[in-house]
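The values are calculated or read from the model by the stated rules, or taken from the named source; none is laboratory data. These figures come from a predicted structure and were not determined experimentally. Cβ placement follows ideal geometry from the backbone for every residue including glycine, while neighbour counts extend to all protein chains displayed.
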Amino acid sequence: MRRSAIAARESLAAAERERLSGLLCEQLRPLLARLSPRNLGFCWPYRGEPDLTAFVTDWLAAEAARVAALPVVVAADAPLAFSAWRPGAELAADAFGIPVPSQFESVDPDVVLVPLNAFDAAGYRLGYGGGFFDRTLAARSPAPISVGVGFELGRVDSIRPEPHDMPLDWIVTESGTFGPFRGKNGI
């Protein structure tokens, strides 16, 4: 399921991926306005994921007190850390080849935009299999609000969640905003 979802996303033409990313960001804008985070975690686009960098740049520019952060892998079996990101900041590739801030500056996000390879109507997601986001959301108290972001082509009947899997709070695609799934954050 994971491989086919990633392959379908990677097979999108660049122009189509850009178009879908723009539509997704239009769906995301009102949800973030309602959630009102001060610190926003997001992911650098990887393997054809939606590109949220322009959206986050605009979100930052709207209020000086806002902070955006990228996830940083600390260890294979540890929760993610988040480092402040600013447009134009110097980035370095991590062990997976994903850009992260070259200078670490710890941030504790209120809301985290979590990439989706596959997802279902119950709010569960299928990532890359490392468990990083599951560990991160479970380890933080209170947990940040989790918003899955991905393209509709990743929607499946069920990801067949395991006992350790937790649903996200919200899912946003180019087609709409879905949730809340965990019975909280329903504004």
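Starting from region 32-53, keep only residues that are basic (Lys, Arg), then list their pairs with residues that are outside any strand (DSSP E or B) and buried (at least 17 other Cβ atoms within 10 Å of the Cβ) whose Cβ atoms are within a distance under 6 Å, requiring at least 6 positions of separation or different chains.
Within 6 Å, the pairs are Arg47/Ile6.
Having 2 or more residues that are in contact with a strand residue (DSSP E or B) (Cβ under 6 Å, 6 or more places away or on another chain) and within 17 Å of Val172 (Cα to Cα) is the bar; report the strands (runs of 3 or more DSSP E) wholly within region 22-108 that clear it. Can you show your working first?
On the way: elements: 39-41, 67-72, 81-85, 91-93, 99-101.
Those strands (runs of 3 or more DSSP E) span 39-41.
Identify all residues within region 151-179 that are within 15 Å of Asp134 (Cβ to Cβ), of a type in the set (D, E, K, R) and in contact with a Ser or Thr (Cβ under 9 Å, 6 or more places away or on another chain); write none if there are none. Reasoning before the result, please.
Pass one, region 151-179, residues within 15 Å of Asp134 (Cβ to Cβ): 159-169.
With of a type in the set (D, E, K, R) added as a condition, the list becomes 160, 162, 165, 169.
Correct list: Asp169 only.
Could you tell me which residue of region 148-174 is nearest to Arg29 (Cα to Cα), considering only residues that are surrounded by fewer than 17 Cβ atoms within 10 Å (Cβ to Cβ) and out of contact with any Phe, Trp or Tyr (no Cβ under 9 Å at 6 or more places or on another chain)?
The residue in question is Glu152.
When the residues of region 140-180 are filtered to those that are part of a loop (DSSP other than H, G, I, E, B), at pLDDT 90 or above and within 22 Å of Asp108 (Cα to Cα), which remaining residue is farthest from the chain's Cα centre (by Cα)? Outline the logic, then answer.
Looking only at region 140-180, we keep the residues that are part of a loop (DSSP other than H, G, I, E, B), and these are 140-144, 150-151, 156-169, 174-175, 179-180.
Among the residues that remain, those that are also at pLDDT 90 or above are: 144, 150-151, 156-161, 167-169, 174-175, 179-180.
Then drop every residue that is not within 22 Å of Asp108 (Cα to Cα), which leaves 144, 167-169, 180.
Details: Pro144: 12, Pro167: 13, Leu168: 10, Asp169: 12, Pro180: 16 Å.
So the residue we want is Pro180.
Can you tell me which residues in region 72-102 are touching a helix residue (DSSP H, G or I) at 6+ places or on another chain (Cβ under 7 Å) and not hydrophobic (A, V, I, L, M, F, W, C)?
Pro79, Pro87 - these are the residues of region 72-102 that are touching a helix residue (DSSP H, G or I) at 6+ places or on another chain (Cβ under 7 Å) and not hydrophobic (A, V, I, L, M, F, W, C).
Would you be able to say whether some residue in region 96-108 is at pLDDT 95 or above and of a type in the set (Val, Ile, Thr)?
Yes - at least one qualifying residue is present in region 96-108.
Condition check ((1) buried (at least 18 other Cβ atoms within 10 Å of the Cβ); (2) at pLDDT below 95; (3) on the phi > 0 side of the Ramachandran plot) across all residues:
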position	(1), (2), (3)
Arg3	no, yes, no
Leu20	yes, no, no
Leu24	yes, no, no
Tyr46	no, yes, no
Leu52	yes, no, no
Ala61	no, no, no
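If Glu10 passes every condition in (1) acidic (Asp, Glu); (2) exposed (fewer than 14 other Cβ atoms within 10 Å of the Cβ); (3) touching a residue at least 40 places away in the same chain (Cβ under 8 Å) but one, which one does it miss?
Status for Glu10: all satisfied but (3).
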